[in-house]
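Trainee: The structure under discussion is supplied below as structure tokens; questions concerning it will follow.
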Amino acid sequence: MESLEIEVLKLLEENGRMSVEEMAEVLALPTERVEEIIRKLEENGVILKYKAIVDWEKVHEDFVYALINVKVSLTRERGYDDIAKRIAKFPEVHAVRLVSGEYDFQVVIKGKSLKDVAFFVAEKISTIPEVRDTFTHFVLRTYKEEGVNLFSDEEDRRLAFVP
Amino acid sequence: MKKTGGLRLSRRVAKRVEEIRPSGIRKFFDLVIGREDVISLGVGEPDFPVPWRIREEMIYSLEKGYTSYTSNLGLPELREGIAEYYTRFGVKALPEQVLITSGVSEGVDLAIRTLIEPGDVALIPEPCYVSYKPLVEICGGEAVTIPTVPDFKLTYERLMEYADGKAKILVLNYPANPTGVSYSKKELEEIADAVNELDLIVLSDEIYAELTYTGRHVSIASLNGMEDRVVIFNGFSKAFAMTGMRVGYVIAPPDIFAGMLKIHQYCMLCAPITGQIGAIEALRSLDEVDRMRAEYMRRRNFVAKKLGEILELKRPDGTFYAFPKISSTGMSSEEFAEGLLMKKNVAVVPGNAFGECGEGYVRLAFAVKFDKLKEAIERIKEFVEEYGEG
């Protein structure tokens, strides 16, 4: 698939209501060209519906998803929230949920290959001091996904003028 | 308690420091205080925070107690990483030629102090970043500015106008703050010809190298015959959004390197270790750069289109700055910037802050989220329509 079409998909995945005119502006393309690209994507079933949920498989951009069950040990200084945020801030992490039962967290990881994901878990998740155990399950097919951090603890603290 | 030892205030500060003009931005800080709903396009730093995987490494290093000085030169792993990384811009440097500094700011200061003796001339194309000229003048050097309006490009011809044998260094910054202008390999080769003929040393500030949208950044040091003439400055502030970490670096020929190291070990000792550790991780996180560059590029396209409909604007090749001409409104740079802030709550930097020939322009940084950028451009449009001439 050509890169212009990928660019349009990225914009729609971020904001399904972005106007064609605006897309044309940020991509430095004529409006007609953007309209044509979107129409083709709709016809081919690449764009499934206008929450802009993109079927990346259809454009041969495969990703590997994995569910990681994570066991942690809590301390006075570090509660569930602290550990969850620490894990969640990695861009590779798609979702983090505190769950009942045998494990503490369910973490969804998105990567390019099985190896990618396995190394990521080994290097970045397992090495967090509070993490006791991880159990990795690769996803064969994804039926629903979210992909947005549900907390925000950072704000713009920049000065108004910087030369 | 004795007060001032009888010295008048004006005599306490060294003359060469007294003579430095205060920054043109200062008064705008006061104007912006207390105003609500201001969208600032005056910020010359990324709106992204440090990528989390880099922050995570720094946090971890603190937990493990990495809080000491490093070697004056910087962490060996970082110096090796930078030498390898810079091959992407065509430069084959040895790790021994890489000095880690507290940002490009320190690097430029070191180089100028190493090279400039009282009376030496530094050529500085303008409009340009605010620090080069004062740093030359503090050393007693003469900063000769080369006006480059209206295309903001240094050329062979423009440089050869200074063939009087007096100039020792040329300060080159590309992609350029505040104009967004960059150079192709061919254009750089022409500049290099003049550099050779004039026997200059080039201080090449390449801090925006990764944020190049038109073609690929080429370091002037990679050109034939230039390796011994160029001091490269770069760092992690812009491309990796690590401004507050204060990590930059210099790649310099051995003699200049040795001089800079002497000053560095006395004035700075070393760059902060936490930032250096973050920088090592940054070099393993180049996909974060790709992600941010893609976002800046969309904004660049948007600004070039929408602002270009209102004002005369050269499409930026790189950086996150646009430098539109505002003289058609009948206002000076400062009048425009002040009016826009007071009437429409949008902050921009007047072009004359970047040199006299920047008069008639303003710099706006598209280092804000897209929604805010859209709103700001809309407000600029209203301002020009309501208050501009014609």
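Trainee: Within the range B:13-75, report the trypsin sites (Lys or Arg not before Pro) that DSSP leaves as loop and that have at most 13 other Cβ atoms within 10 Å. Write out the running numbers ahead of the final one.
Mentor: Values: sites: B:15, B:16, B:26, B:27, B:35, B:53, B:55, B:64; in loops: B:35, B:64.
Counting only loop positions with at most 13 other Cβ atoms within 10 Å, the trypsin sites (Lys or Arg not before Pro) in the range B:13-75 are B:35, B:64.
Trainee: Using Stokes-Einstein with the Kirkwood hydrodynamic radius over Cα pairs, what translational diffusion coefficient do you get for the range B:268-344 at 25 °C and a viscosity of 0.890 mPa s, in µm²/s rounded to a whole number?
Mentor: Values: Rh = 15.8 Å.
After rounding, the answer is 156 µm²/s.
Trainee: Right, next: As an exercise, identify the GluC sites (Glu not before Pro) in the range B:110-179 lying in DSSP coil whose Cβ has no more than 16 other Cβ atoms within 10 Å.
Mentor: Numbers: sites: B:137, B:142, B:157, B:161; in loops: B:161.
Those that pass, being in a loop and sparsely packed, are B:161.
Trainee: If the cut-off is 19 Å between C-alpha atoms, which lysines fall inside it for residue B:186, apart from same-chain ones fewer than 8 positions away?
Mentor: B:153
Trainee: For residue B:202, what residues show an amide H to amide H distance below 5 Å, using hydrogens built from the backbone and excluding near sequence neighbours?
Mentor: Sorted by chain and number, the residues that satisfy this are B:170, B:230, B:231.
Trainee: While we're here: From the phi of every residue in the range A:15-26, what ³J(HN,Hα) in whole Hz does the Karplus formula 6.51 cos²θ - 1.76 cosθ + 1.60 yield, where θ is phi - 60° and glycine or proline is x?
Mentor: 8, x, 9, 4, 6, 4, 4, 5, 4, 4, 5, 6
Trainee: Okay, next question. Cα centroids of the range B:341-390 and the range B:271-290: how far apart, whole angstrom?
Mentor: Using only Cα atoms, the two centres lie 33 Å from each other.
Trainee: Averaged across the residues of B:42-50, what count of C-beta atoms belonging to other chains lies within 10 Å of each residue's C-beta?
Mentor: Mean number of neighbouring Cβ atoms from other chains: 3.
Trainee: Now for a different question. Peptide A:120-131: average number of partner chain Cβ atoms within 10 Å per residue? Intermediate values should be presented prior to the final figure.
Mentor: Details: counts 1, 0, 0, 0, 3, 0, 0, 2, 2, 2, 0, 0.
Mean partner-chain Cβ count within 10 Å for A:120-131: 1.
Trainee: How would the range B:34-153 be classified by its alpha-carbon gyration tensor: rounded, prolate or oblate, with rounded meaning a/c under 1.5 and the a/b versus b/c comparison settling the rest? Intermediate values should be presented prior to the final figure.
Mentor: On the way: a/c = 1.91, a/b = 1.26, b/c = 1.51.
Oblate, since a/c reaches 1.5 and b/c is not below a/b.
Trainee: Something else now. Could you list which residues have their amide H under 5 Å from that of residue B:312, counting only those 5 or more apart in sequence or on another chain, with H placed in the peptide plane?
Mentor: Counting only residues 5 or more places away or on other chains, the set is B:325.
Trainee: Could you give me D for the protein assembly as shown, from Stokes-Einstein at 20 °C and 1.002 mPa s, where the hydrodynamic radius is the Kirkwood radius over C-alpha pairs? Units µm² s⁻¹, please.
Mentor: Working: Rh = 25.8 Å.
For the chosen part, D equals 83 µm²/s.
Trainee: Which of the aspartates and glutamates could a cross-linker bridge to residue B:381, judged by Cα under 19 Å and excluding same-chain residues fewer than eight apart?
Mentor: A:21, A:22, A:25, B:37, B:309, B:312, B:334, B:335, B:338, B:371, B:389
Trainee: Rounded, prolate or oblate: which one fits the range A:64-139, using the alpha carbon gyration tensor with axes a ≥ b ≥ c (rounded when a/c is under 1.5, else prolate when a/b beats b/c, else oblate)? Please list the in-between numbers first.
Mentor: Working: a/c = 1.85, a/b = 1.65, b/c = 1.12.
Prolate is the answer for the range A:64-139, as a/c is 1.5 or above and a/b outweighs b/c.
Trainee: Among all helices in chain B defined by DSSP H, which have a length of 15 Å or more along the axis from Cα atoms plus a Kyte-Doolittle mean of at least 0.0?
Mentor: B:103-115, B:254-267
Trainee: So, one more: In whole Å, what are the extents of the range B:333-388 along the principal axes defined by its C-alpha atoms, from largest to smallest?
Mentor: That works out to 33, 26, 15 Å along the principal axes.
Trainee: Out of every Cα-Cα pair in the range B:232-390, what percent are more than 23 Å apart?
Mentor: Details: 6485 of 12561 pairs.
Roughly 52 percent, once rounded to a whole number.
Trainee: Next up: For the range B:185-252, report the translational diffusion coefficient in µm²/s to the nearest whole number, using Stokes-Einstein at 20 °C, 1.002 mPa s, and a Kirkwood Rh over Cα pairs. It would help to have the intermediate numbers written out before the result.
Mentor: Working: Rh = 12.9 Å.
Rounded to a whole number, D works out at 166 µm²/s.
Trainee: OK, next. Can you bin chain B into rounded, prolate or oblate? Criterion: square roots of the alpha carbon gyration tensor eigenvalues sorted a ≥ b ≥ c, rounded for a/c under 1.5, prolate for a/b above b/c, oblate for the rest.
Mentor: Rounded shape, in that the Cα axes give a/c under 1.5.
Trainee: With contacts defined as alpha carbon pairs under 8 Å and 6 or more residues apart, what's the relative contact order of chain B in percent?
Mentor: 23
Trainee: Continuing with this model, one more query. Between residue B:43 and residues 5 or more places away or on another chain, which pairs have amide H atoms under 5 Å apart, with H built 1.01 Å from N, and which residues are they?
Mentor: For residue B:43, the qualifying residues are A:162, B:365.
Trainee: Once every DSSP H run of n ≥ 4 in chain B is given -39500 (n - 2.57) and the sum is divided by its residues, what mean residue ellipticity at 222 nm do you get, rounded to the nearest 500 deg cm²/dmol? Write down the numbers at each step before the final one.
Mentor: On the way: 14 runs with 153 residues, N = 390.
After summing the helix terms and dividing by residue count, I get -12000 deg cm²/dmol.
Trainee: For the range A:64-139, what does the relative contact order come out to in percent, with C-alpha contacts under 8 Å and a separation of six or more?
Mentor: Details: 122 pairs, mean separation 36.7, N = 76.
So the answer I get is 48 percent.
Trainee: Going through the cross-link list B:185/B:262; A:89/B:314; B:305/B:369; A:115/B:369, which pairs have a Cα-Cα distance over 29 Å in this structure?
Mentor: On the way: B:185/B:262 33 Å; A:89/B:314 38 Å; B:305/B:369 17 Å; A:115/B:369 34 Å.
Flagged as over cut-off: B:185/B:262; A:89/B:314; A:115/B:369.
Trainee: Now a separate question. Only sites in a loop by DSSP and with at most 12 other Cβ atoms within 10 Å count here; which GluC sites (Glu not before Pro) in the range B:263-320 make the cut? Each step should come with its number before you reach the end.
Mentor: Details: sites: B:281, B:288, B:295, B:309, B:312; in loops: B:309.
Within the range B:263-320, the qualifying GluC sites (Glu not before Pro) (loop, at most 12 other Cβ atoms within 10 Å) are B:309.
Trainee: OK, next. For residue A:112, list the aspartates and glutamates whose Cα falls under 12 Å from its own Cα; do not include residues on the same chain fewer than 8 positions away.
Mentor: Reachable aspartates and glutamates: A:61, A:62, A:92.
Since every read-out is calculated from the coordinates, none of them should be taken as a lab result. On a predicted model such as this, the values are computed, not experimentally measured, just so you know. Glycine gets a Cβ as well: all are built from the backbone with ideal geometry, and neighbour counts include every protein chain shown.
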